[in-house]
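Here the structure is laid out as structure tokens; the discussion comes afterwards.
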Amino acid sequence: MKKELIHELFEKFEQSCYIYKDVECWSARELQLLFNYSEWRNFVKVVDKAKEACKNVGERVFDHFVDLNKMVEIGSGSSRSVEDIALTRYACYLIAQNGDSLKNEIAFAQTYFAVQTRKQELIEQRLLDIERVIAREKLSKSEKKLSGIIFERGVDERGFAVIRSKGDQALFGGFSTQEMKKKLAVPDSKPLADFLPTLIIKAKDFATELTSHNVVEKDLRGEQMISAEHVDNNKAVRKMLVQRGVKPESLPASEDVNTVKKRLMTEDKKILKEVKEVKKKKN
């Protein structure tokens with residue numbers, strides 16, 4: 001495929017994109033022409049195959065294919081309503097995958113939407129990674145805060161470790177910290193929280209903040225009273241999760257949060273370097 005045609009197709013696909021209900025979309029009617037299908041009925045057959053592929057991977061079809069009606073001019077200043085479909089980038093990718101790859105337009109679209117969809121997935125994953133790192137750092141701060149509060153109320157480091165362990169046992173339905181580490185294959189030298197999914201990190205953080213608040217409000221003192229409070233708070237958080245169909249002890253381990261943090265830092269350095277190179281070229 002010649003560079004001139006690639007550039008032309010790229011511009012056409014970029015310009016035909018529009019925003020529908022805050023989502024980036026393409027019109028199936030416009031895509032029909034971009035994909036070089038002369039008849040709507042033939043293009044609809046490809047769309048139907050794409051819908052089936054969407055369903056087969058567990059995606060909700062109506063999240064990516066939205067039936068619409070649009071007005072089109074038919075001459076002499078008159079217009080009529082025709083069927084159309086608002087397509088997400090992923091829907092366009094599936095249509096391209098099910099189209100006639102002998103057409104230059106389809107061959108281009110298969111690569112165009114595959115790359116763009118992958119970019120979106122990478123962005124979404126990066127945001128999830130950032131959220132998890134922030135949640136883990138927040139938990140560390142909350143535990144440090146609780147440690148300081150209870151130290152002033154007669155609990156030493158050993159006592160704090162016991163309190164935290166009992167809290168874990170309450171949150172994980174009877175599984176101790178060590179049992180959960182074994183269950184999730186967490187190295188002995190690593191904290192359990194480094195391998196927990198974001199939701200459970202936030203759950204532990206919430207329970208810890210509740211304990212800090214109530215220790216002060218209720219003026220609790222000593223390991224026994226504070227431990228009982230922390231256990232109650234973790235049980236309350238667990239009850240809420242279980243009611244919503246989440247059992248903390250049943251969720252799989254996540255990637256070591258420190259590995260995630262290093263990857264994000266490496267990506268940040270790479271992005272910064274690329275930005276500097278672009279600025280240098282402009283100057």
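The values are calculated or read from the model by the stated rules, or taken from the named source; none is laboratory data. Only a predicted model underlies this, so the values are computations on that prediction, with no experimental measurement involved. All Cβ positions, glycine included, derive from the backbone under ideal geometry; neighbour counts span all protein chains shown.
Values for this structure:
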{"item": "Which listed residue is modelled with pLDDT under 95 and over 28 Å from Val133 (Cβ atoms), from Lys281, Lys270, Lys218", "result": "Lys281"}
{"item": "Test for Ser165: is it touching a residue at least 12 places away in the same chain (Cβ under 8 Å), within 24 Å of Lys239 (Cβ to Cβ) and of a type in the set (Ser, Thr, Tyr)", "result": "yes"}
{"item": "Wholly enclosed helices (runs of 4 or more DSSP H) of segment 22-107 bearing at least 3 residues closer than 19 Å to Leu9 by Cβ", "result": "28-34, 89-97"}
{"item": "Of all residues in segment 7-19 being modelled with pLDDT under 80 and not acidic (Asp, Glu), the one that is surrounded by the most Cβ atoms within 10 Å (Cβ to Cβ)", "result": "Leu9"}
{"item": "Qualifying positions in segment 169-210 - of a type in the set (Gly, Ala, Ser), over 23 Å from Val133 (Cβ atoms) and assigned to a helix (DSSP H, G or I)", "result": "Ala170"}
{"item": "Residue in segment 201-220 that is surrounded by the fewest Cβ atoms within 10 Å (Cβ to Cβ), counting only those that are in contact with an Asp or Glu (Cβ under 8 Å, 6 or more places away or on another chain) and free of Cβ contacts under 8 Å to residues at least 24 places away in the same chain", "result": "Lys218"}
{"item": "Any hit, segment 188-200, residues being of a type in the set (Val, Ile, Thr) and either farther than 18 Å from Ser142 by Cα or surrounded by 19 or more Cβ atoms within 10 Å (Cβ to Cβ) (or both)", "result": "yes"}
{"item": "Any chance Gly173 is farther than 16 Å from Pro248 by Cβ and touching a residue at least 60 places away in the same chain (Cβ under 8 Å)", "result": "no"}
{"item": "Members of segment 211-236 found to be assigned to a helix (DSSP H, G or I) and either of a type in the set (Gly, Ala, Ser) or touching a Pro at 6+ places or on another chain (Cβ under 9 Å) (or both), listed by number", "result": "Ser212, Ser227, Ala228, Ala236"}
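Residues checked against (1) under 31 Å from the mean Cα position of the chain (by Cα); (2) modelled with pLDDT under 90; (3) closer than 30 Å to Asn258 by Cβ:
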{"site": "Glu73", "(1), (2), (3)": "no, yes, no"}
{"site": "Ser79", "(1), (2), (3)": "no, yes, no"}
{"site": "Leu94", "(1), (2), (3)": "yes, no, no"}
{"site": "Ser101", "(1), (2), (3)": "no, yes, no"}
{"site": "Glu105", "(1), (2), (3)": "no, yes, no"}
{"site": "Gln110", "(1), (2), (3)": "yes, yes, no"}
{"site": "Phe113", "(1), (2), (3)": "yes, yes, no"}
{"site": "Thr117", "(1), (2), (3)": "yes, yes, yes"}
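Here is a yes/no grid of residues against (1) in a helix (DSSP H, G or I); (2) out of contact with any His (no Cβ under 6 Å at 6 or more places or on another chain); (3) in the same structural domain as Leu220 (by TED's automatic domain parsing); (4) surrounded by 19 or more Cβ atoms within 10 Å (Cβ to Cβ):
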position	(1), (2), (3), (4)
Ile130	yes, yes, yes, no
Ile134	yes, yes, yes, no
Glu137	yes, yes, yes, no
Lys144	yes, yes, yes, no
Gly148	yes, yes, yes, no
Val155	no, yes, yes, yes
Phe160	yes, yes, yes, yes
Ile163	yes, no, yes, yes
Gly167	yes, no, yes, yes
